[in-house]
Amino acid sequence: MTQPQGNNTVILILIGITILLLLLIVVGVLFSVFIKRKNELLLEQQTSQKRFEREIAESQIEIREETLRNISWELHDNIGQLLTLAKIQTQNSGGDQVQLDEAANTIGKGLREIRALSKLINPEALNNMTLVEALKLELDRFKRMEYLTTSLSVTGVPTTIVDKKIGTIIFRMFQEFFTNTIKHSKATHLDVCITYTKKSLEIKAKDNGIGFDIAFAKAKNGIGLSNIASRGKLIGAKINITSNEGDGTEMHLLYPSKNNRHE
């Protein structure tokens, strides 16, 4: 009777060892799958981050080129005109102090605009400004140059976008919209509303210009519209541009505020 019991004990031990080995194998396989999946996710994150950084860099290059084009236009068509006027005033003064003072004032105005323009194209200067300050500086410059009248309103508690590159891209998008307003819209007024909430940053810019057929512009793949749309998508912002002929143009940006901090 003792022999069968001994055999049963051995069998139970073998079964237990087998089950334990199977459990260890299953745990080992699951752990290997987990590690593999974790490494794949890390690799995907690294790849996505590199892709994002590359796209940001490419967008910054495009923005820089667009900014340089706008600067060229400003220097030639506006500041250049001020300096030309100052030259004419000086030449026609005949030594008259009043006309010389007018020429000096014109030159001073040109120098002020060059300084303001230099701040808005200098990345370091922009990094030291909040988004509201940069937009206000641009709008104030338009009023001084008598392009059009402007208004700026801010609602809510202002926050700062942690990633300064994204803040710069948002400013450049609106700067491009403003430039298009001045160049093409024949507007007399530009209104900008900034709204901060716990969930988002919302900016609306609207002019009272002649407007345009936005469907036609999209069909023609307008560079300005496509650039703004692609940059918005890149930084995770929702961009909507609406326009009606004779009823002006509006640009609406909605950016999630999860990565922002209070100013």
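The values are calculated or read from the model by the stated rules, or taken from the named source; none is laboratory data. Worth saying up front: this structure is predicted, and the values here are computed from it rather than measured. When we count neighbours, we look across all protein chains shown, and the Cβ atoms used for this are built from the backbone with ideal geometry, even at glycine.
Suppose the filter is at pLDDT below 90 and within 16 Å of Met251 (Cβ to Cβ); does Phe178 pass it?
Spelling it out, it is not the case that Phe178 is at pLDDT below 90 and within 16 Å of Met251 (Cβ to Cβ).
Run down Leu126, Leu100 and say which single residue is surrounded by 14 or more Cβ atoms within 10 Å (Cβ to Cβ), under 20 Å from Thr159 (Cβ atoms) and of a type in the set (A, V, I, L, M).
Leu126
For residues that are touching a Lys or Arg at 6+ places or on another chain (Cβ under 8 Å) and at pLDDT 90 or above, scanning just region 126-166, find the one that is farthest from Lys199 (Cα to Cα).
Top of the filtered list is Thr149.
Take the residues of region 179-208 that are part of a helix (DSSP H, G or I) and touching a strand residue (DSSP E or B) at 6+ places or on another chain (Cβ under 7 Å): which is surrounded by the most Cβ atoms within 10 Å (Cβ to Cβ)? Spell out how you get there, then give the answer.
Going through region 179-208, the residues part of a helix (DSSP H, G or I) turn out to be 179-185.
Checking which are touching a strand residue (DSSP E or B) at 6+ places or on another chain (Cβ under 7 Å) leaves us with 181, 185.
Numbers: Thr181: 24, Ser185: 20.
Filtering first and then ranking leaves Thr181.
Can you find a residue in region 139-155 that is crowded, with 18+ Cβ neighbours inside 10 Å, in contact with a strand residue (DSSP E or B) (Cβ under 7 Å, 6 or more places away or on another chain), under 16 Å from Lys204 (Cβ atoms) and not polar (S, T, N, Q)?
There is at least one residue in region 139-155 that is crowded, with 18+ Cβ neighbours inside 10 Å, in contact with a strand residue (DSSP E or B) (Cβ under 7 Å, 6 or more places away or on another chain), under 16 Å from Lys204 (Cβ atoms) and not polar (S, T, N, Q).
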